[in-house]
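This report refers to the structure that appears directly beneath it.
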Amino acid sequence: MSGATLQVRVARKAVEAEGICSFELVSVGGAPLPAFSAGSHVDVQVPGGLTRQYSLCNDPRETHRYQIAVLRDAASRGGSVAMHDVVKEGDTLAISTPKNHFALAHEAKSHLLLAGGIGITPLLCMAERLANTGAVFEMHYCTRSRARTAFVERIVASSFAGRVHYHFDDGATVQKLDIPALLEAPQPGRHLYVCGPKGFMDVVLASARAAGWPEAQLHYEFFGAEVAQKADDGSFEVLLASSGRIVVVPPDRTIVQALAAEGIAVATSCEQGVCGTCLTRVIEGTPDHRDMYLTPEEQAAGDQMLVCCSRAATARLVLDL
């Protein structure tokens, strides 16, 4: 975990829905926590040595606490299971200061929030902010079932309850969300925000792009992704601009892993190409982007890359390292 580290205490742990727990984090010393904006996340050092990113889902005006929510996923790499099974009220955790790679476009005329499952966490924070500023917005909240829908009581009691539409996979057909129909008519100044499982997000973004939504009006944050490997992956060289040192990256290692084997540390967190911690400037060469963090335009520019997962389309990359 790079950057400043905060010591926080788990003041409250609560079951929010089937398989979902929330955690209220307060400063160990009782001081106010650093301010954050809607869409922010913190890196959490999870028991077992893992670092995971969790979105802040409380009102951004609050400085006495951070609230996160975690879906227990047995198929994950262990972070969510540890949060559910090991972390308890009263425990102390190390977290980063808030980071925001999923910010609201405050200049937008209106906002459309699409949440899939645990993807409600950053969007709930956004809804709080938009309601407080009098912005025009609506939210669609898609889950597998009512029992797996977190924060319903909080939403019902909020000032924006009437702007939230629920869609359950096990519900009647008439209440299911028709994503292509919802997105078929993009409007100037209307911005779309989506977060949730990769499959849900892929459908939303593909539908929006097919309907002609400008990329600048699409905002998204992936929680995790499989690092893509290709059968024809080969070796390539990375030249470090600061020293001129050359490191060979073999087919079965990432750039980060190859550098680490040579004693060169690069700050990482997710190692899945979703958090942006390892974003590195590309001075020469063409990256083979495999991340879910950079926009298509940013990837096409080729002047930066996520070195935890992306590779090279040329024999050598010169990196600002």
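Computed values, structure above
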{"quantity": "Debye, to nearest 20: dipole size of the stretch 255-321, +1 on Lys, Arg Cβ, -1 on Asp, Glu Cβ", "calculated": "140"}
{"quantity": "Where Tyr66, Tyr220 fall by accessible area, highest first, once all protein chains stay in place (1.4 Å)", "calculated": "Tyr220, Tyr66"}
{"quantity": "FRET efficiency, Glu89 to Arg209 (Cβ-Cβ, R0 51 Å, nearest 0.05)", "calculated": "0.70"}
{"quantity": "Residue-normalised accessible area of the stretch 25-81, given per residue in Å² at a 1.4 Å probe", "calculated": "40"}
{"quantity": "Relative contact order of the chain, defined on C-alpha pairs under 8 angstrom at six or more residues apart (%)", "calculated": "14"}
{"quantity": "Charge dipole of the stretch 17-111 about the Cα centre (unit charges at C-beta), most positive-ward option of Gly29, Ser110, Gln53", "calculated": "Ser110"}
{"quantity": "Most to least packed among 241-251, 119-129 [average Cβ atoms within 10 Å]", "calculated": "119-129, 241-251"}
{"quantity": "Reachable lysines from Lys198, criterion Cα separation under 27 angstrom, eight or more residues apart if same chain", "calculated": "Lys13, Lys99, Lys176, Lys230"}
{"quantity": "Rg in Å to one decimal, and Dmax rounded to a whole Å, for the chain via C-alpha atoms", "calculated": "20.4, 62"}
{"quantity": "Gain upon complete extension [Lys198, Thr286; 0.36 nm per residue less C-alpha separation]", "calculated": "29.1 nm"}
{"quantity": "Within a Gaussian network of the chain (alpha carbon springs, distance under 10 Å), most fluctuating of His111, His165, His84", "calculated": "His165"}
{"quantity": "Highest-first arrangement of 206-216, 15-25, where packing means the average Cβ count within 10 Å", "calculated": "15-25, 206-216"}
{"quantity": "Percent of Cα pairs exceeding the 13 Å cut-off, where the set is the stretch 1-53", "calculated": "71"}
{"quantity": "Charged-residue dipole, Cβ positions (Lys, Arg, Asp, Glu), the chain about Cα centre, Debye nearest 20", "calculated": "620"}
{"quantity": "Heavy-atom accessible area order for Arg65, Arg316, largest first, 1.4 Å probe", "calculated": "Arg316, Arg65"}
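The values are calculated or read from the model by the stated rules, or taken from the named source; none is laboratory data. Quick caveat, the model's predicted, so the values are computed rather than measured. Cβ: placed from backbone, ideal geometry, glycine included. Neighbour counts: every protein chain shown. Accessible surface is based on the protein model in full, side chains and every heavy atom, while ligands, DNA and RNA are left aside. Shrake-Rupley method; radii C 1.70, N 1.55, O 1.52, S 1.80 Å.
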